[in-house]
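Visitor: Sending over a structure as structure tokens; questions will come in a sec.
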Amino acid sequence: MSFYTKPPLDAASFRIFSQSMLQSESLPLSHIIDEELFKKAFELFGVGFAQDEDAVYTPALVLWALVSQALFKGEHRSLTAAVTRIASWWASQGRVVSDTNTGAYSRARHNIPDPLVAWLVRQVAQGGESVSKLVDPVDSEKADSLVMPTTVAEVRSKSIGGRVLLVDGFTVDAADTPENQKVYPQNPAQNEGLGFPILRCVSPVSMATGMLVDLAIGPYCGKESGETALLRQMVDNLQAGDVLVADSYYCTYWLVAMCKMRGVGFQPVISSCRSFIDSYLCHD
């Protein structure tokens, strides 16, 4: 019986992402989850740390662990769980990490700026959009058998020219710390000290891929904290040919004018996304 041993991976290599997600050249996202994209992001933002040969928390491993915290839930999302995953990875490469204190990982994680992560999200989403355009059109009758929403199948069956982006807002509770309370105050309707800090978020989501395309975050209340104000932070990332789908809350003269100036279509949804698809696809 012969035995095959995988060669050890370079701790600085971003191939850990494609390997962890079981990507291969035969899969449609293989060229998106690519190590060159991650390398380009760190070079673009001038981020470099843990260059020593014996470094444990390299940029690739720290970003990998950070993403894992977002994908897992419960106790597997904790700092301790992330550090344990890194230690396990090193063990698979034949090296023992004796210190699994979370402090070093937490400090290394702060070396990765939020704009770098946001840039990666946009690039992956744009790559997914490109893949979706290569997929053969899908008849709405086949959508159920493909476990695909009928509306998405109908979008794919028509040539729109750009992305169809569904925009909506949501809120997230943050850890109740003085720092968070200062930046993201609690709901003013609650008595002081009885509520959690609240983040208001607005995100456009691709109706073809389901991927989050962009994200704006702000405080729950105060000046320029509404959903339309957050949307204004992302208008420069819209592209000519895109179609923006939003509920009636976003239907303002400013948004209509902004979309027209950028060659972006705008469709307010009064009842449901289905009504938009019916009206848009039937429009000459």
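Visitor: Go through THR100, THR84, THR80 for me and flag whichever is loosely packed, with under 15 Cβ neighbours inside 10 Å, among the β-branched types (Val, Ile, Thr) and in a helix (DSSP H, G or I).
Guide: One residue alone meets the criteria, THR80.
Visitor: Can you find, within the stretch 199-226, the residue that is nearest to GLN239 (Cα to Cα) among those that are modelled with pLDDT under 90 and charged (D, E, K, R)?
Guide: GLU224
Visitor: Here's another thing I want to ask about it. Please find, among SER132, SER106, the residue that is part of a helix (DSSP H, G or I) and at pLDDT 90 or above.
Guide: SER106
Visitor: So, in the stretch 1-20, of the ones that are among the charged types (D, E, K, R) and outside any helix (DSSP H, G or I), which residue ends up modelled with the lowest pLDDT?
Guide: LYS6
The values are calculated or read from the model by the stated rules, or taken from the named source; none is laboratory data. Here the structure is a predicted model, which is why all the values come from computation and not from measurement. Methodologically, a virtual Cβ is constructed for each residue, glycine included, from the backbone with ideal geometry; neighbour enumeration extends over all protein chains shown.
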